[in-house]
Amino acid sequence: MNLNTTAAPTPRGQRSAQYDAFHAARARTDLVGRLYAAAMGEDYPAEVAASSSCDWPLLGLMTARLKMQPGQLLVDAGCGTGGTGLWLARALALRLEGFDLSPVAVAQATDRRPHFLGDATDRAAFRVAELEDTGLPDGHAHGILCVDALGRAADRDAAVRELGRVLAPGGRLIMTRSLRRGAEPTWEEQARGAGLTVEHVDERPAEPATWDRLYRLWIDHADDLRRKLGEAQTQNMLREAHQVLPTLPGRRAVLLTLRRPAATPAAPGTADRMTGPAPSERTPQ
């Protein structure tokens, strides 16, 4: 869900309340999930159940771009209910730390760990934090994932710098980004400001059409949404749909891969010195 896609950033408490309400309401019904599935078709990863543009092609691309080794630490920045990070942690036998500004989403992500990791739930932990202020140590993560979350940040440049600070030498930050028609990308400047380099820019040409289908489904099923989610939450969703739909024609969507140069040796206590539970032998479904 892309709240604040076009609007100015709102205070943390207000933004958290919006997402808390969405995730709490969605947990009471499968209607929202069914609408996402209808919008994505066979590309919908039902197990992940993300409230974002995370589909099967994106999962495959992220797996390839992260280039992580079993037992390394992945941070899921703006994790929502945790499905994307947990899927990757299981598929690549990684340790996982996720954070989100919504306490409700964090609680739901924590509860989902056994489904993906079985008894090895200590391989994943979730907490409440901001993109601009993660509370994580320098050089903490071998890889960072940020899907459809940067728009929540009050200061996107500061958020990229913060994520870059948390990334260990040689590690990669992968994030979804989008541009309106005619807009110039700023990710080269943001990467340099964070001490990172742009390694890949992968186009996602199907992403705008997915959001178009989803928003039109929200509008078409407004009465059902009101019955299942309530008037306030439905109005938030319809407001987002009507705001974003006109911006989708000509929109450019990409997966951006940024890398921390490997030349700088990691200091004691950073990700390369960390140890953790043995990786699970579970395989992705």
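Observations, loosely collected:
- Amide H within-cut-off set for GLY71, under 5 Å, with H built and near neighbours excluded: LEU94, ARG95
- Relative counts (whole %) of C-alpha pair distances in segment 112-249, using bins that are 10 Å wide: 10, 29, 30, 26, 6, 0
- With R₀ set to 30 Å, the beta-carbon distance separating ARG213 from ALA262 gives a calculated FRET efficiency near 0.15.
- Charge tally in the Cβ shell below 13 Å around ARG181, where Lys, Arg are +1 and Asp, Glu are -1, ARG181 excluded: +2
- Calculated FRET efficiency, HIS242 to ALA125, Cβ-Cβ distance, R0 = 45 Å: about 0.75 to the nearest 0.05.
- Helix-only CD estimate at 222 nm, as mean residue ellipticity for the chain, using -39500 (n - 2.57) per DSSP H run (n ≥ 4): -12500 deg cm²/dmol
- When each of the peptides 157-166, 173-182 is scored by the mean number of other C-beta atoms lying within 10 Å of its residues, the order from highest to lowest reads 157-166, 173-182.
- Rounded to the nearest 20 debye, dipole of segment 176-246 from Cβ charges on Lys, Arg, Asp, Glu: 280 debye
- Across the chain, Cα pairs under 8 Å and at least six residues apart give a relative contact order of 23 percent.
- Sequence-separation-based contact order of segment 159-216, relative, with Cα cut under 8 Å and 6+ spacing, percent: 38 percent
- Extension gain, THR110 to ALA17: 0.36 nm times the residue separation minus the Cα-Cα distance gives 31.6 nm.
Each value in this text was obtained by applying a stated rule to the coordinates, not by laboratory testing. What you see is a predicted model, and the numbers here were worked out from it, not measured in a lab. In this analysis, Cβ positions are derived from the backbone assuming ideal geometry, glycine residues included, and neighbour counts consider all displayed protein chains.
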